[in-house]
Structures are given as structure tokens and as C-alpha cells.
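For reference, the structure discussed in these notes is given below.
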Amino acid sequence: MKQKHIWEQPESPLELHSDDRGDITDIFYKDNIHHVAVVRSNKGAIRGNHYHKETTQYMLITKGSLEYWHKPLGSDIEPVCILLKEGDFVQTPPNEIHALNIVEDNEFVVFTNGTRGGQDYESDTFRIDGNIIRGLDE
């Protein structure tokens, strides 16, 4: 998992351009993106609890916030939680179990490098038994 905030100074080769009209920030540059989707979620929803064998996903939070839980596939370590807010961007590599606890109504954009959209939506999605999110009443 890799996290950043899009309005902070990006790492090269990405750039942030600002002038009196406002700001433009690069999210990708010369990357191979196969699918883009916008996801709206209601407070209290749980998403994920799965991993992808070949797909890398990127999420850009555009409204609200959510808890992003993650851990490597096959690991005995406890899942890690980060709170993602508007402007946060997270990368989920292959073989990382991830789940989302929607703490308020929100919206995010998912960019995918690999199979994910249309008829292939679930072809590289592998659900786990149980829930990696801690602190929820089971």
C-alpha cells in the first residue's frame, strides 16, 4: 500500500501547477490504466475484504472519508488501518487484502491497471472468509 495526498508536492515525474486561476495536479503520467470507475458509498457500508492476484488499484477520495484496511496476503500480521479523506490517493498492489469501512457518505474514483471493468469486473477478485476490519460488531 502506498498513500499520498494529491495536493501536496508530488514525486517526480508528477507535477503540481499553480497560478492565480487555481491548481492542476498530475495523478498519473505515462501509466497504463485499463479501467476507471466512480464509486459512491453510504455511511456504514463495508466494501472489499478481497485481493487481486494481478491487478493494481488506485483510489482517489473525492468526497467524504473512509477507513482503508490492508494486509499482505498470507501474512499473520494484524491489518493496518488508515483514514483516507478528500484528496488522499492510495495504491493497492496485487496480493494485498483490502477492505473499506465507510465512516461517512463518500465518493471515490478507482483507477485500475489490470482486469476490472465491464464483464471482467470480478475476474481478478478473490474474496476472503471473514472481515479484516477490526472493531466492528460481528
- Classify segment 13-71 as rounded, prolate or oblate, taking a ≥ b ≥ c as the square roots of the eigenvalues of its Cα gyration tensor: rounded when a/c is under 1.5, otherwise prolate if a/b is larger than b/c and oblate if not. oblate
- Item | Tail beyond 27 Å, pair distance distribution of the chain (Cα, percent) | 21 percent
- segment 36-62 to segment 1-20: how many Å between their Cα centroids? 21 Å
- DSSP loop chymotrypsin sites (Phe, Trp or Tyr not before Pro) in segment 28-78 with at most 13 other Cβ atoms within 10 Å of their Cβ, which ones? PHE28, TYR29
- Expressed in nm to one decimal, what extension gain is obtained for the pair LYS53 and CYS81 from 0.36 nm per residue of sequence separation less their Cα-Cα distance? 7.9 nm
- Task: Would you please name the chymotrypsin sites (Phe, Trp or Tyr not before Pro) within segment 86-130 that are DSSP coil residues with at most 16 other C-beta atoms within 10 Å of their C-beta?
- Result: TYR121
- Message: Exceeding 18 Å between C-alpha atoms, which entries from my cross-link table qualify? They are LYS63/LYS85; LYS53/LYS85; LYS4/LYS85.
- Response: LYS53/LYS85
- About its Cα centre, how strong a charge dipole does the chain have in debye, to the nearest 20, once Lys and Arg get +1 and Asp and Glu get -1 at the Cβ? 240 debye
- Residue separation between VAL103 and ARG127 times 0.36 nm, minus their alpha-carbon distance, gives in nm 6.5 nm
- Query: Counting other Cβ atoms within 10 Å of each Cβ, which GluC sites (Glu not before Pro) in segment 1-105 have at most 15 and sit in a DSSP loop?
  - Reply: GLU8, GLU11, GLU15, GLU54, GLU104
- Only Lys, Arg (+1) and Asp, Glu (-1) charged, at Cβ; segment 60-138 dipole about Cα centre in debye: 200 debye
- Message: 7 Å from Cα along Cα→Cβ at both ASP19 and ILE33: what's the point-to-point distance in nm?
- Response: 2.3 nm
- Query: Can you give the relative contact order of segment 45-137 as a percent, counting alpha carbon pairs under 8 Å and 6+ residues apart?
  - Reply: 43 percent
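Bear in mind these aren't lab numbers, they're just calculated from the coordinates by the rules spelled out. Since we're looking at a predicted model, the values are computed, not measured. Positions of Cβ are backbone-derived with ideal geometry, glycine not excepted, and every protein chain shown enters the neighbour counts.
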